[in-house]
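Sending over a structure as structure tokens; questions will come in a sec.
The values are calculated or read from the model by the stated rules, or taken from the named source; none is laboratory data. In this text the structure is predicted, and so the values were computed from the model without any measurement. In this analysis, Cβ positions are derived from the backbone assuming ideal geometry, glycine residues included, and neighbour counts consider all displayed protein chains. Surface areas here come from the heavy atoms of the whole protein model, side chains and all, with no ligands, DNA or RNA. Shrake-Rupley method; radii C 1.70, N 1.55, O 1.52, S 1.80 Å.
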Number of protein chains: 2
Amino acid sequence: MCYKSFMQQGTRLPTLEDVARVAGVSRATVSRVINGIRNVDPHLHEVVWDAVGRTGYVPNRMARSLVTRRTGTVALVVSDSESHDDDPFMSRFFADPYFGRVVGGLMSVLRQAGVQLALQIVGTDEGRKRLVGDLRNGQADGVIVLSLPAVDALPRMLTDGGVPAVMIGRPTEPVPINYVDLANETGATLAAEHLLARGCQRIGMISGPADVPASHDRISGFRRAMARHGHGWVPIAAGNFTQDSGEAAMRTLLTESPDLDGLFVANDLMAVGALLTLREAGRRVPDDVAIVGFDDSSAATAAAPALTTVRHPLEDMAAEAARLLLARIEDPEMRASSVIYEPTLVLRQSA
Amino acid sequence: MCYKSFMQQGTRLPTLEDVARVAGVSRATVSRVINGIRNVDPHLHEVVWDAVGRTGYVPNRMARSLVTRRTGTVALVVSDSESHDDDPFMSRFFADPYFGRVVGGLMSVLRQAGVQLALQIVGTDEGRKRLVGDLRNGQADGVIVLSLPAVDALPRMLTDGGVPAVMIGRPTEPVPINYVDLANETGATLAAEHLLARGCQRIGMISGPADVPASHDRISGFRRAMARHGHGWVPIAAGNFTQDSGEAAMRTLLTESPDLDGLFVANDLMAVGALLTLREAGRRVPDDVAIVGFDDSSAATAAAPALTTVRHPLEDMAAEAARLLLARIEDPEMRASSVIYEPTLVLRQSA
DNA sequence: TAACACTCGGAAAGCGCTCTCCAAAGGCGC
DNA sequence: GCGCCTTTGGAGAGCGCTTTCCGAGTGTTA
């Protein structure tokens, strides 16, 4: 029963039992040593670790989870609406810097905690129900929720089921769930006031879908700020956060309000689209029309001219979400709390 | 024992045992019905499903995995080198469209197969060893490997351990492992010939790190193609696939060869950086210098001018990797195979 | 009607681990 | 030297599920 043999693929892997036999103690003792529980005679301690090394033993997580009810896994669930159940949309979603930034932020925290991230997509209510069932069964210790649809039953189902969960972005309807969010209204205000301060007179906006919270807040924040400065009405065209939709929205905005000289776009990707349309239309940025984007994603610096944009500290937010979740998993009594981040304006060339 | 009670968080979840009791049969029968095994009396079949519905039963995956040795999970492991063990690099990696495209491609296949994806990062040899141990223990049914370092022991460890694995991008050293890859040399050739056909006389290249296979192949392919057309020597500056490094590389290239009129960049992100530097230097693209990028990522269409680029069908490749892995998991006897994709040139404004 | 081949459901043995109980051993004061 | 408390290791009962092995019941044929 040597180390080498355990590295070969055919061989049965060593179990606690095997280690116990090699060390000449009982299973229980090996388990205690490995989990560092109670005082075990230092001598035995050493003997056991030696046996572990010799056998090449690796604890079986499945078996351990079965009894401890802990998996060392956190799920990142992307809750999508049924209408988007087809691939193309999801592909676009994953390719969006948004997704990567969230994953990066989460991993920075989870990795150090030795927790792995499992990706889950649910697109139907059936799927949501199954997911919550699996989660309650201990499939994962907790879940980070990225909710895309305007109305989503998932947050409620999760809290009802007692599943530790943290949302990125607030839920549409009030639900006693942990979440981290950005002060979207403030961000929109920042953009509006910058455009105004710059001397723009006819300012428009390209928004996201009006029914998702983040998007809604950016619209209302922008409207409110503009109104405060005497602009009771502003032209708004809606997109869906993709570059293509930004191009299209810019076209409609341009035909509706040809004299535009300032523009706030609800995310950088759409702003890049707008930039393209504008260039096509022969408008110079920022001279003819000044643009402020939103997110400060990689698209902002890649754009020409580089985008002045509202910084959305997604990585930090995701990291905080992970910390919140870990804390909640540790302490089930923890009450729902939320953390709101303040956006800042990043000045570049576009405005 | 009603449905509602099982949805409350305090309550113990129903087990097979509970369902059996409600249905008035044995655990074994319920298990058979649920897994659709053997002929069970249609009547009982119905009774059991009814009991499942009434109790709100969800099978416990952990317990099931423990005995079936199947988890319904595939791991996406990002194998990084120790030197990059700090967060910043990883964050950048996740934000890169590359990562998102791979995840999107994988999920499109895995999702339909009802398999979940677990994200794992390993940065040390210690970590790699633990990972392989966990994997052999059935932590996941198989693994998709994204290997970043120039020399990486992981592929070998995986095959030695008998862990079903598929790499995205060929391994540095020959290892009997499944992989999907792009004909990088061909891609570079496509770029070189397009630049040449366009009439460029002094063509340079911005490459990635010379020691990683994909990058290496793009360099050698480019060099070879240029040599075939009488350009025995081409100026090359290396970056590391980030936009910043592209800007820097462009600057050095510009000082070394100020008369450049054509440029091949090993990925779009760096091409965008090059574009920025070029603009700063007052060179027009494509009039003064024509640029061909690589990847056809979202950065290519976002750039101004939009990038002519070599299309890297990453989503398709990742999807194929997932299919290959699933097949390998189904059939352990399957021998290592690889699929090489042919790149194509996408014409836009930059060249 | 008896013998046989089938079909179908149940009992029970694990999968690999944790952890509660319990017994044995050692240390202490009186 | 004896009883009592503390430390330490082992036995064993599960965690929730699958699956083999059997026995009972049913239908079929000689």
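Taking the Cβ of B:SER65 as the center, what net charge do the other residues with Cβ under 11 Å away carry, scoring Lys and Arg +1 and Asp and Glu -1?
+4
From the label point of B:GLU330, set 7 Å from Cα along Cα→Cβ, how far away are the matching label points in the other copies, in nm, ordered shortest to longest?
The projected label point of B:GLU330 is separated from its counterparts by 4.5 nm.
Here's a follow-up. How much space per residue, in cubic angstrom, does the convex hull of the C-alpha atoms of region A:281-351 take up?
Output value, Cα hull per residue: 92 Å³.
Once you place label points 7 Å from the Cα toward the Cβ at B:ARG12 and B:THR124, how far apart are they in nm?
Reported label-point gap for B:ARG12 and B:THR124 is 4.2 nm.
For region A:14-121, what's the radius of gyration and Dmax over Cα atoms, in angstrom?
Both quantities, over Cα of region A:14-121: 20.8, 63 Å.
Mind checking the mean number of beta-carbon atoms from other chains within 10 Å of the Cβ atoms in A:72-79?
1
Related question: Any chance you could run the full-extension gain for B:GLU342 through B:HIS229? It's 0.36 nm times the residue separation minus the Cα-Cα distance, nm to one decimal.
Working it through step by step, the gained length comes to 38.5 nm.
Let me ask something else about it. Separation between the A:ASP50 and B:ALA150 pseudo-spin-labels, each 7 Å from Cα along Cα→Cβ, expressed in nm?
Result for the modelled spin labels: 4.2 nm.
B:PRO176 label points, 7 Å along Cα→Cβ, one per copy: pairwise distances from this copy to the rest in nm, shortest first?
So the distances to the same position in the other copies read 5.9 nm.
Same structure, new question: Find which of A:PRO235, A:ALA248, A:PRO209 sits farthest along the positive direction of the dipole of region A:184-311, computed with +1 on the beta-carbon of Lys and Arg, -1 on that of Asp and Glu, about the Cα centre.
So the residue furthest toward the plus end is A:PRO235.
Find out how many positive minus negative residues lie around A:THR172, taking Lys and Arg as positive, Asp and Glu as negative, among other residues whose Cβ is under 14 Å from that of A:THR172.
Cβ neighbours under 14 Å give a net charge of -3.
When the Karplus curve 6.51 cos²θ - 1.76 cosθ + 1.60 is applied with θ = phi - 60°, which whole-Hz ³J(HN,Hα) does each residue of region B:241-256 get, with x for Gly and Pro?
6, 9, 4, 4, 5, x, 4, 4, 4, 4, 4, 5, 4, 5, 6, 6
Next up: Taking the Cβ-Cβ separation of B:GLU193 and B:SER220 as r and a Förster radius of 22 Å, what is the calculated FRET efficiency to the nearest 0.05?
Efficiency, rounded to the nearest 0.05: 0.90.
Around B:ALA237, what is the net charge, scoring Lys/Arg as +1 and Asp/Glu as -1 over all other residues with Cβ under 9 Å from its Cβ?
Around B:ALA237, the surrounding residues sum to 0.
For helix A:125-136, report the angle its Cα long axis makes with the longest principal axis of the Cα atoms of chain A; keep it between 0 and 90° and round to the nearest 10°.
Once rounded, one gets 40 degrees.
Kindly express, to the nearest 10 degrees and within the range 0 to 90, the angle between helix B:184-197's C-alpha long axis and the longest C-alpha principal axis of chain B.
Result, in degrees: 30.
Grab the Cα-Cα distance for B:ARG279 and B:ILE34, subtract it from 0.36 nm times how many residues apart they are, and report the gain in nm with one decimal.
81.8 nm
What number results when the radius of gyration of chain B, computed over Cα atoms, is divided by 2.2 N^0.38 Å?
With N residues counted in chain B, Rg over 2.2 N^0.38 Å equals 1.28.
With 5 Å bins from zero, work out the P(r) of region B:122-264 over every alpha carbon pair and list the percent per bin.
Histogramming region B:122-264 at 5 Å steps yields 2, 9, 16, 17, 15, 11, 9, 8, 6, 4, 2, 0 percent.
Past the 18 angstrom mark, what percentage of all C-alpha to C-alpha distances in region A:24-78 do you count?
So the pairs more than 18 Å apart make up 43 percent of the total in region A:24-78.
Right, here's the next one. By how many degrees, between 0 and 90 and to the nearest 10, does the Cα long axis of helix B:213-228 differ from the longest principal axis of chain B?
Value to nearest ten degrees: 30.
Build a GNM of chain B with springs between Cα atoms under 10 Å: which of B:ARG198, B:ARG21, B:ARG170 gets the top mean-square fluctuation?
B:ARG21
Taking region A:184-311, how much of its Cα-Cα pair set, in percent, is spaced more than 22 angstrom apart?
When all Cα pairs of region A:184-311 are counted, 22 percent exceed 22 Å.
Another question about this same structure. Ordered by residue, what ³J(HN,Hα) values in Hz, to whole numbers, does region B:101-108 give under the Karplus form 6.51 cos²θ - 1.76 cosθ + 1.60, where θ = phi - 60° and Gly and Pro are x?
Taking θ as phi minus 60°, the curve returns 5, 5, 4, x, x, 4, 4, 4 Hz for region B:101-108.
Still on this structure: Distance in nm between label sites at A:THR255 and A:ARG27, each 7 Å beyond Cα in the beta-carbon direction?
Those two pseudo-labels are separated by 7.4 nm.
Taking springs between alpha-carbon atoms closer than 10 angstrom, which of A:ALA290, A:ALA118, A:ALA165 fluctuates most in the Gaussian network model of chain A?
Judging by the Gaussian network model, the answer is A:ALA118.
What residue among B:PRO149, B:PRO14, B:PRO286 shows peak mean-square fluctuation when chain B is described by a Gaussian network model with Cα springs under 10 Å?
Highest fluctuation among the options: B:PRO14.
Give, in nm to one decimal, the length gained when the segment between B:ARG335 and B:ALA306 is fully stretched (0.36 nm per residue of separation minus the Cα-Cα distance).
That pair, B:ARG335 and B:ALA306, stretches by 6.2 nm at full extension.
Would you mind estimating how fast the protein assembly as shown diffuses translationally, via Stokes-Einstein at 25 °C and 0.890 mPa s with the Kirkwood radius over Cα pairs, in µm²/s?
89 µm²/s
Moving to a separate point now. Return the value, in Å² to the nearest 100, of accessible area buried between chains B and A (probe 1.4 Å, both sides summed).
Summing both chains' loss of accessible area gives about 4900 Å².
Going by accessible area, probe 1.4 Å, with all protein chains left in place, what is the ranking of B:SER215, A:SER147, A:SER338, largest first?
Descending order: A:SER338, A:SER147, B:SER215.
In nm, one decimal, shortest first: how far is the label point of A:GLN201 (7 Å from Cα along Cα to beta carbon) from the matching points in the other copies?
Those separations, rounded to one decimal, come out as 5.1 nm.
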